[in-house]
Amino acid sequence: MSTSRRELLKLAVATGGALTVSGLLVHRTSVASDGGGQVPAAAAVGLAPVAAPFQVAMPVPPVLRPQWISGTTDYYSLPVKPASVEILPGLSTPVLTYGGIFPGPTIKARSRRRTVVSQRNETPSGTSMHLHGAVTDPENDGGPMDLIATGGERKYTYLNPQVAATLWYHDHAHHLEAEHVYRGMAGVYQLTDANEESLPLPRGAYDVPIVIRDIALNEDGSLFFSHDFFTRKQILVNGKPQPYFKVDARKYRLRVINGSNLRPLDLKLSDGGEFVQIASDRGLLPAPYTTTRLPLSPGERADIIVDFSRYALGTSVVLENTMLASPSTKEIMRFDVVRKVADFSSVPARLAELPATEEPVNTRTFAMSMDAAGTGFMNGKVWDANRVDTTVRWGDTEIWEIKNLDAQIPHNFHIHLVDFRVLDINGVPPVPGEAGLKDTVRVMPGQTVRILVSFKTPYAGRYYYHCHLIDHSAMGMMANLDIVR
Ligand code: C2O
Ligand code: CU
Ligand code: CU
């Protein structure tokens, strides 16, 4: 175990005390009584009470403007820096940001056009920006050991050799990623392509990112960070507490991102109304999938079309979470239907052509588990930067069988660089909304999930796979993947 890791564990145990398996996220019967601010652990540390819902408008994160644009490339500057923001009304909260805002600005990119992001680290610790879901070379993947030192600068270059998708960028510095992301280091990266642009889907002001996460704040407005899930009772959407969003009576494309460290979501509309899922993590589904629920674990994304024209003006509909939901974490945000407008958008029956899959040449098994001290294990081992855990041949297609050995703790599984298809969950094929291109998949307690992964990608080298309940990966549930040509 490295010194920094031992120190971190000590620190976590000393400050957390609450570092129990249950706090690290467990399905337990007392979840039902996980009521707003009433759990003793929360009271003991003087947490701010959860804000009243629907008091503030939902902001849409600003789109980052390029510093300059060449024929081939968009150049951005995005410093990593501390800032103070208003999360709860009237309280100021010190956070760690990209570009001074919480969450970070949205970067818009185009398939096969180059994006260059220049970064200066103005925070007290080393940072590493990972573009989650990106097909990028190892040098620009933002690996855990590839740190920008305090005061240091570097450029990340993304060639974007992939189809349109909702990606997100976030910190990945070893053992600090969970705290960094928790304190604000994350933002949306919207990648489009010619196919998507040819479709009559809602766009412009009707294409909106919805970044959902939970948080715990001290009474003075500062962030309370521990690995204890049950302290995080305040839901934020795009950085604001359970906001309302005034919508026109027409179709919207909502890019829903679970940006929580630990909280799995299972979303529905309060009236049980239908919506249409058009994309998963790594791009458009082949065909729209009409549904009434959207499960989304940390790091997963889904684009949905909600048609608010079915509601009378003046109607409010709440986006609700039904998983591990306490009174304060059930209501995510409220849509208020305020205006009649014309709507020329539509959802075509065909959205995208998925690449053909190849026959697998190999099957590997992976097991995720956690001990009572909160240490995370991938195949029984704690992450070690210097160990090669898995070597695959470039170009191969493989089946990866992933098990969650814990009876009560949810996990999920994310692989850098590649996308994959979910074959089955406990032997049952996925619903159409989860049968498209994925890079993160839920593996609930006791479950076995099989995925089909192709390593025929533009790149090779050192990558990573890990649980994206990011407190778990920070505590060891991560491994190194070498793709060799
Ligand atoms: Cu979104 Cu390795 O992470
Ligand atoms: Cu990733
Ligand atoms: Cu996990």
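Of all the numbered requirements in (1) assigned to a loop (DSSP other than H, G, I, E, B); (2) under 30 Å from residue 52 (Cβ atoms); (3) of a type outside the set (Val, Ile, Thr), residue 125 misses one, and that requirement is (2). For residue 303, indicate whether it is modelled with pLDDT of 95 or more, within 27 Å of residue 189 (Cβ to Cβ), part of a strand (DSSP E or B) and not hydrophobic (A, V, I, L, M, F, W, C). So residue 303 passes the test.
Taking segment 157-183 as the region of interest, how many residues are over 14 Å from residue 352 (Cβ atoms), more than 16 Å from ligand 2 (Cβ to nearest atom) and open to solvent by less than 10 Å² (accessible area, probe 1.4 Å)? The qualifying residues number 1. The sole residue among 181, 188, 163, 211 that is hydrophobic (A, V, I, L, M, F, W, C) and within 16 Å of ligand 3 (Cβ to nearest atom) is 181.
Does residue 335 satisfy being surrounded by 21 or more Cβ atoms within 10 Å (Cβ to Cβ), modelled with pLDDT of 95 or more, farther than 20 Å from residue 485 by Cβ and touching a Leu at 6+ places or on another chain (Cβ under 8 Å)? Spelling it out, residue 335 is indeed surrounded by 21 or more Cβ atoms within 10 Å (Cβ to Cβ), modelled with pLDDT of 95 or more, farther than 20 Å from residue 485 by Cβ and touching a Leu at 6+ places or on another chain (Cβ under 8 Å). Here residue 405 fits the description: within 12 Å of ligand 3 (Cβ to nearest atom), touching a residue at least 12 places away in the same chain (Cβ under 8 Å) and in contact with a Ser or Thr (Cβ under 7 Å, 6 or more places away or on another chain).
The set of residues from segment 339-363 being farther than 23 Å from residue 456 by Cβ, over 28 Å from the mean Cα position of the chain (by Cα) and not small (Gly, Ala, Ser) comprises 339, 340, 341, 343, 344.
All conditions but one from (1) open to solvent by 30 Å² or more (accessible area, probe 1.4 Å); (2) within 24 Å of the chain's Cα centre (by Cα); (3) farther than 28 Å from residue 279 by Cα; (4) within 16 Å of ligand 3 (Cβ to nearest atom) apply to residue 384; the one that does not is (4). Residues that are in contact (Cβ under 8 Å) with a residue 40 or more places away in the chain, more than 13 Å from ligand 2 (Cβ to nearest atom) and among the small types (Gly, Ala, Ser) within segment 126-156 comprise just one, 126.
The test for being within 16 Å of ligand 2 (Cβ to nearest atom), without any contact (Cβ under 8 Å) to a residue 60 or more places away in the chain and more than 19 Å from residue 191 (Cβ to Cβ) does not hold for residue 123.
The criterion of being touching a strand residue (DSSP E or B) at 6+ places or on another chain (Cβ under 8 Å), open to solvent by less than 10 Å² (accessible area, probe 1.4 Å) and modelled with pLDDT of 95 or more holds for residue 127. Residues considered: 303, 336. Of these, the only one that is in contact (Cβ under 8 Å) with a residue 12 or more places away in the chain and either within 16 Å of ligand 1 (Cβ to nearest atom) or under 25 Å from the mean Cα position of the chain (by Cα) (or both) is 303. Tallying residues that are under 21 Å from the mean Cα position of the chain (by Cα) and either exposed (fewer than 14 other Cβ atoms within 10 Å of the Cβ) or among the charged types (D, E, K, R) (or both) within segment 147-156 yields 0. Taking (1) open to solvent by less than 30 Å² (accessible area, probe 1.4 Å); (2) farther than 26 Å from residue 227 by Cα; (3) at pLDDT below 95 in turn, residue 74 satisfies each apart from (3). Taken over segment 320-367, the criterion of being within 30 Å of residue 216 (Cβ to Cβ) and part of a loop (DSSP other than H, G, I, E, B) is satisfied by 322, 323, 324, 325, 326. Every listed requirement among (1) in contact with a Phe, Trp or Tyr (Cβ under 8 Å, 6 or more places away or on another chain); (2) β-branched (Val, Ile, Thr); (3) open to solvent by less than 20 Å² (accessible area, probe 1.4 Å) is met by residue 69 save one, (3).
The values are calculated or read from the model by the stated rules, or taken from the named source; none is laboratory data. Quick caveat: nothing in here was measured; it's all calculated off a predicted structure. Backbone-built Cβ (ideal geometry, glycine too); neighbour counts: all protein chains shown. Surface accessibility is based on the protein's heavy atoms, side chains included, excluding ligands, DNA and RNA. Shrake-Rupley method; radii C 1.70, N 1.55, O 1.52, S 1.80 Å.
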